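The values are calculated or read from the model by the stated rules, or taken from the named source; none is laboratory data. Predicted model, so just to flag it, every value in this text is computed and none were measured. Cβ sites come from the backbone with ideal geometry, for glycine too, and all protein chains shown count toward neighbours. With ligands, DNA and RNA removed, areas are computed over all heavy atoms of the protein, side chains included. Shrake-Rupley method; radii C 1.70, N 1.55, O 1.52, S 1.80 Å.
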Amino acid sequence: MRKIKAENEFVIKFANVNGSGSASANQMFAKGVFRMGIPVSPKNIFPSNIQGLPTWFEVRVTEKGYLGRREGIDISVAMNPQSYAEDIAEIRTGGYLLYDSSWKRDFGREDINVIGIPLTDMCVEAFSNPKLRLLFKNIVYVGALSYLLGIGKKVYIDLISEKFKGKEKLIAPNVKALEIGFNYAKENFKNQCKIKVKKSNKTKGMILTSGNDAMGLGCVYSGATVCAWYPITPSTSVAEAFTKYCEKLRVDEKTNKNKFAIVQAEDELAAIGMAIGANWNGARAFTATSGPGISLMSEFLGLAYFAEVPVVLFDIQRGGPSTGMPTRTQQSDILLCAYASHGDTKHIVLFPSNPTECFEFSVKAFDLADRFQTPVIVLSDLDIGMNDFSTDKFEWNDNHNYDRGKVLSKEDLDNIDRFGRYLDIDGDGIPYRTYPGTHPEKGAFFTRGSSHDEYAVYTEDGKVNARNLSRILKKHENASQHVPKPVILSNNNSLGVVYFGGSEYSMIESLDYLNSEGILLDSMRIRSFPFNDEVDNFITSHDLVFVVEQNRDAQMKKLLLAESKANLSSDKLISVLCFDGMPITADFISSEIIKFLSEKEIKEIFFDYNNSNIKGYILDLRNNPGGLLSSAIKITDFFLEDGEIVSTKGRKKSENKKWFAK
């Protein structure tokens, strides 16, 4: 039987039951491979209920550094009978299935290699505690994999020892479970698996962490001292990470008192209200939420925008609308965040693509919020936020100059006849502000969300209000020169592609593949809104630009068309949209681009055909092994007026399909 043979390039997927304690064992497997010097990108695919439903943990091992999700599974560790059918179907021909053979099964596939290990039987024999048997079963299969893949035991024994440092009684039974699996595989499956992990050095200068954890640490380094939040998946771990790092780094050594405040509010509206209040008082404060929370926070975002109070908000996007898919990823809050609240509002939005940028943009967000006295939204997603990635180590300059913006001191106020909170003194749209209590008579002691003049006095004069709104817009436009610039790779090709956020990993792989196929594209990764001039320049310098995004409604494309100064044509921007809740893959991006270009070429040929004396075409499909069925149907439809194009038959009658010419 054929066996997939690979070294440091494969995908392994663990199929478990939610709540079975498998996540920590699966994460330990990924960390072990990372310590072998090979980049990994583990993904925890879990249901939104607490316990009982299927859960998966997918690890891509990639010495090439392609960290995006890849279709097709090379090794499946199937521990959940509920999902056997789905798990087995995903295994590539020649792949490997590891399962608990305490209950032997026939999986109906002769083109995969089945490795049966009696995990339950061995745990029952080795451990007396029923609860521990369930937990240790996960460690046993990690031990088996450490032999099958050639990793060895040591790296995992070290990880177990580190994890349970201070709880030494737990080390011995975990190591025992690891060795049970290792020894069984060694005795029964020599040379069974041709996929191997070989020590490398590709993780030099890298760490393994998640975007949410990086954001929590970034907030500490940014000088934030207040976090007001309400729990919501997938943003909760931002506040938890901030708490963890504050408890390590923000406790006074002499008094043992906390130098930070963390408030779990009663709801999202209260959370952002507290954060705005803390910023108004001079602290650096933030909140974290997801799409539903943004909807609830919109009124307060409008207050902060119009009253010009800085605040930082982290939106870790998930599948929507409404409650949607709380544990799946999407990029579907772009327009919501760019224009959050009623009336004319525009917010600064940052789009990190990896945990390193999550750390860096967290710091940048507070500096921008203080400089422009406005909300700044850091727009991440579940994939970046909750999953670990092999990412560059964080760098920090101890001489970092925190930008607190235009803040007047008591001495400054003494030299002013009348303080104008909303006066545009410097012509950049940014007024001067004070912290409450700076001066006994001058400065700001309250703020308002109703219409006001340059001196913060209530007014219903429409011209004054319009003047104020225009000044705030100038401030937003000036921000385009201070937000992170796009990352552009250009060789003066006629085709370009625009992407952002969590699509980066798969986009890099897709560009390499397309290049190998002779399809050359320049690329631009957008990192912020308002858009820099470079964004318009890139799009206008290309004949056709693909826009890759993970939502249904092409939100980034719409934002580009609405905010461009270059009067862009909608026909020039071609959407590549993925919104099934799973991270976008390089295969998907490449296929969609190739499909569009193929159809475009056929249309051009067909147009020439209809305007010439050519009587017919011969389509030579030799040396063309494969392609998308949907693309083949569309191309065929150009030549047929009516009738059936193609049909497929499945095992069930309900799976039969037919496609007809239109």
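Observations
- Qualifying residue in segment 484-492 (condition: open to solvent by 30 Å² or more (accessible area, probe 1.4 Å), touching a residue at least 60 places away in the same chain (Cβ under 8 Å), in contact with a helix residue (DSSP H, G or I) (Cβ under 8 Å, 6 or more places away or on another chain) and not β-branched (V, I, T)): no
- Segment 624-654, residues that are loosely packed, with under 10 Cβ neighbours inside 10 Å, modelled with pLDDT under 75 and over 17 Å from E601 (Cβ atoms): P625, G626, G650, R651, K652, K653, S654
- Each residue in segment 2-27 was checked for being open to solvent by 20 Å² or more (accessible area, probe 1.4 Å) and in a helix (DSSP H, G or I), and 3 pass.
- Top-ranked residue in segment 555-574 [being under 20 Å from the mean Cα position of the chain (by Cα) and closer than 21 Å to L489 by Cβ; ranked as surrounded by the most Cβ atoms within 10 Å (Cβ to Cβ)]: M556
- Looking across segment 415-446, the residues that are within 21 Å of A479 (Cβ to Cβ) and either out of contact with any strand residue (DSSP E or B) (no Cβ under 8 Å at 6 or more places or on another chain) or surrounded by fewer than 16 Cβ atoms within 10 Å (Cβ to Cβ) (or both) come down to L423, D424, I425, D426, G427, D428, G429, I430, P431.
- Candidates I294, I316, filtered to the one that is modelled with pLDDT of 95 or more, open to solvent by less than 10 Å² (accessible area, probe 1.4 Å), touching a strand residue (DSSP E or B) at 6+ places or on another chain (Cβ under 8 Å) and assigned to a strand (DSSP E or B): I316
- Among the residues examined, F596 does not qualify as modelled with pLDDT of 95 or more, among the aromatic types (F, W, Y) and either over 18 Å from I488 (Cα atoms) or open to solvent by 20 Å² or more (accessible area, probe 1.4 Å) (or both).
- Test result for D412, open to solvent by 30 Å² or more (accessible area, probe 1.4 Å) and part of a loop (DSSP other than H, G, I, E, B): no
- Odd one out for I589, checked against (1) at pLDDT 95 or above; (2) under 23 Å from V11 (Cβ atoms); (3) open to solvent by 10 Å² or more (accessible area, probe 1.4 Å): (3)
- Only a single item in (1) of a type in the set (D, E, K, R); (2) touching a helix residue (DSSP H, G or I) at 6+ places or on another chain (Cβ under 8 Å); (3) not in a helix (DSSP H, G or I) is not met by R133, and it is number (3).
- For segment 189-244, filtering for residues that are touching a Lys or Arg at 6+ places or on another chain (Cβ under 9 Å) and over 28 Å from T62 (Cα atoms) leaves 9.
- Condition broken by G116, with the remaining ones in (1) more than 19 Å from P583 (Cα to Cα); (2) in contact (Cβ under 8 Å) with a residue 60 or more places away in the chain; (3) open to solvent by 10 Å² or more (accessible area, probe 1.4 Å) satisfied: (2)
- The residues of segment 32-50 that are among the polar types (S, T, N, Q) and over 14 Å from F14 (Cβ atoms), listed by number, are S41, S48, N49.
Here's the yes/no breakdown for (1) over 30 Å from E549 (Cα atoms); (2) in a loop (DSSP other than H, G, I, E, B):
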site	(1), (2)
G277	yes, no
F286	no, no
A304	no, no
V309	yes, yes
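- Residue check, M79 touching a residue at least 60 places away in the same chain (Cβ under 8 Å), in contact with a Leu (Cβ under 6 Å, 6 or more places away or on another chain) and open to solvent by 10 Å² or more (accessible area, probe 1.4 Å): no
- Identity of the residue in segment 39-51, in a loop (DSSP other than H, G, I, E, B) and touching a strand residue (DSSP E or B) at 6+ places or on another chain (Cβ under 6 Å), that ends up modelled with the lowest pLDDT: F46
- The set of residues from segment 452-481 being in a loop (DSSP other than H, G, I, E, B) and surrounded by 17 or more Cβ atoms within 10 Å (Cβ to Cβ) comprises D453, E454, A456, S480.
- Candidate set from segment 240-267 (those that are aromatic (F, W, Y) and assigned to a helix (DSSP H, G or I)); member that is nearest to L296 (Cα to Cα): F242
- Test: F579 is touching a Gly at 6+ places or on another chain (Cβ under 9 Å), buried (at least 20 other Cβ atoms within 10 Å of the Cβ) and under 25 Å from Y513 (Cβ atoms): no
- Screening the candidates S200, S222 for the property of being of a type in the set (G, A, S) and open to solvent by 20 Å² or more (accessible area, probe 1.4 Å) yields one hit, S200.
- Only helices (runs of 4 or more DSSP H) whose full extent lies in segment 151-236 are considered here, and the ones with at least 1 residues that are closer than 30 Å to P326 by Cα are 154-163, 211-222.
- Single match in E125, E86, E71, E110 (criterion: within 21 Å of A30 (Cα to Cα) and surrounded by fewer than 19 Cβ atoms within 10 Å (Cβ to Cβ)): E71
- Flag for S102 being in contact with a helix residue (DSSP H, G or I) (Cβ under 6 Å, 6 or more places away or on another chain), among the small types (G, A, S) and open to solvent by 10 Å² or more (accessible area, probe 1.4 Å): yes
- Within segment 419-456, being at pLDDT 90 or above, more than 23 Å from H342 (Cβ to Cβ) and among the small types (G, A, S) holds for G420, G427, G437.
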